[in-house]
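**Student:** This is the structure I want to talk about, given as structure tokens.
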Amino acid sequence: MKKYLSIAFSFLVFSSNLIAGTITVEGTYQGKNLYVQNPFAEGGVGFCVYEVVVNGKPTTDEVQSSSFEIDLAALKLAVGEKVVVKLNSKGDCKAKIVNPEDLKVRSTCEIVAQSAKVNKDGTFSWSTKGESGKLPFIVEQYRWNKWVKVDEIEGKGRMEGAFYSVKYTPHSGENKIRIKQVDVNGPRYFDPPVKYRSTTAPVKMEINKEKVEDKIVFSDKTKFEIFDSFGTVMVKGENVDINVSNLKKGTYYINFDNTTGEKFNKK
């Protein structure tokens, strides 16, 4: 009889391990607590979640309730710190964390006053403070009546501050540059845009625009984009000349340097 009881007990333990589960949510601490919907366990005995584990350590949160709060603030986490939350549950658990988006990185930082600038070495740089996690910074330049992406750089996620720098190619005349981040709430622009006046001479097209055959030549190296009458960009890049031999005959438009929509005919 003892032998059979031992086998039955082992089977029950093994079965309970099979039907137990874990719900895991990962993210970055943003200074907010999490909230859990915790229905009754299968069979109506007790509640679904029986333990909460954060970063490998069980918490003291009271889980014997249909809903409860995971008090992340009590764990003395630093804003921006990585968080792994596990809800250990019984059976086919329907529990869920109702606000997992509060573990997503948000754009919380500030650009240090007067730190965003164009430098003599051909870079655009800025300093931050108060980053609550690693979120990319996107640098855009106002060119050709629109904002054009210059570069994207991964954020360092440092609350105490960080320094950033990207390569920047100005056009002739006045330039405008801005920094943005995109988080769970959408794009955030750091205003105002930085203004910078370039002393370089305007770039010219050194061709007969009425009869372009194989090549477009500029007076200096420049960024450019060629588009057709429907606004479809056909060629873009940065150079002192462009091979247009593959373009079909017709009318095209070109943006380059600080010039927008210059018309030319491909023969």
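Where a number appears in this text, it was derived from the coordinates with a stated rule and is not lab data. In this text the structure is predicted, and so the values were computed from the model without any measurement. Cβ placement follows ideal geometry from the backbone for every residue including glycine, while neighbour counts extend to all protein chains displayed.
**Student:** In what sequence do I254, I153 fall when counting other Cβ within 10 Å, fewest first?
**Tutor:** Ordered from fewest to most neighbouring Cβ atoms within 10 Å, I254, I153 come out as I153, I254.
**Student:** Turning to a different aspect of this structure: Restrict the search to the range 94-188; then list the trypsin sites (Lys or Arg not before Pro) that DSSP places in a loop and that have at most 10 other Cβ atoms within 10 Å of their Cβ.
**Tutor:** Numbers: sites: K94, K96, K104, R106, K117, K120, K129, K134, R143, K146, K149, K156, R158, K167, K176, R178, K180, R188; in loops: K94, K104, R106, K120, K134, K156, R158.
Filter output for the range 94-188: K120.
**Student:** Okay, moving on. Write down the radius of gyration of the chain and its Dmax, each obtained from C-alpha positions, in Å.
**Tutor:** Cα radius of gyration and Dmax of the chain are 29.6, 103 Å respectively.
**Student:** Do any cysteines of the chain lack a neighbour Cys whose Cβ is under 4.7 Å away, and which are they?
**Tutor:** C109
**Student:** Now a separate question. Collect residues whose amide H, placed 1.01 Å from N in the peptide plane, falls under 5 Å from the amide H of V150; neighbours closer than 5 in sequence don't count.
**Tutor:** It is V139, E140, Q141, by chain and number.
**Student:** Using +1 at the C-beta of Lys and Arg and -1 at the C-beta of Asp and Glu, which of M159, N145, V194 has the Cα lying farthest in the positive direction of the dipole of the range 110-198?
**Tutor:** Working it through, the farthest residue towards the positive pole turns out to be N145.
**Student:** Enumerate the amide H contacts of N175 below 5 Å, restricted to partners 5 or more residues apart or on another chain; note that Pro and chain-start residues carry no placed amide H.
**Tutor:** Hits under the 5 Å cutoff: Y196, R197, S198.
**Student:** Around A201, under 11 Å between beta carbons, what's the net of Lys plus Arg minus Asp minus Glu among the other residues? Walk me through the intermediate numbers first.
**Tutor:** Values: positive: K204; negative: D220, D257.
Surrounding charge for A201 is -1.
**Student:** Quick check: the angle from helix 2-19's long axis to the longest principal axis of the chain, C-alpha only, nearest 10 degrees?
**Tutor:** Helix 2-19 and the main axis of the chain meet at about 30 degrees.
**Student:** A follow-up question, please. Across the range 32-45, in residue order, what do the Karplus-derived ³J(HN,Hα) couplings come to in whole Hz, using 6.51 cos²θ - 1.76 cosθ + 1.60 with θ = phi - 60° and x for Gly and Pro?
**Tutor:** Along the range 32-45, the couplings run 10, 7, 10, 10, 10, 8, 10, x, 5, 5, 4, x, x, 9 Hz.
**Student:** Then there is this: How are the Cα pair distances of the range 215-267 distributed, in percent, across 10 Å bins from 0?
**Tutor:** Over the range 215-267, the share of Cα pairs per 10 Å bin runs 25, 63, 12 percent.
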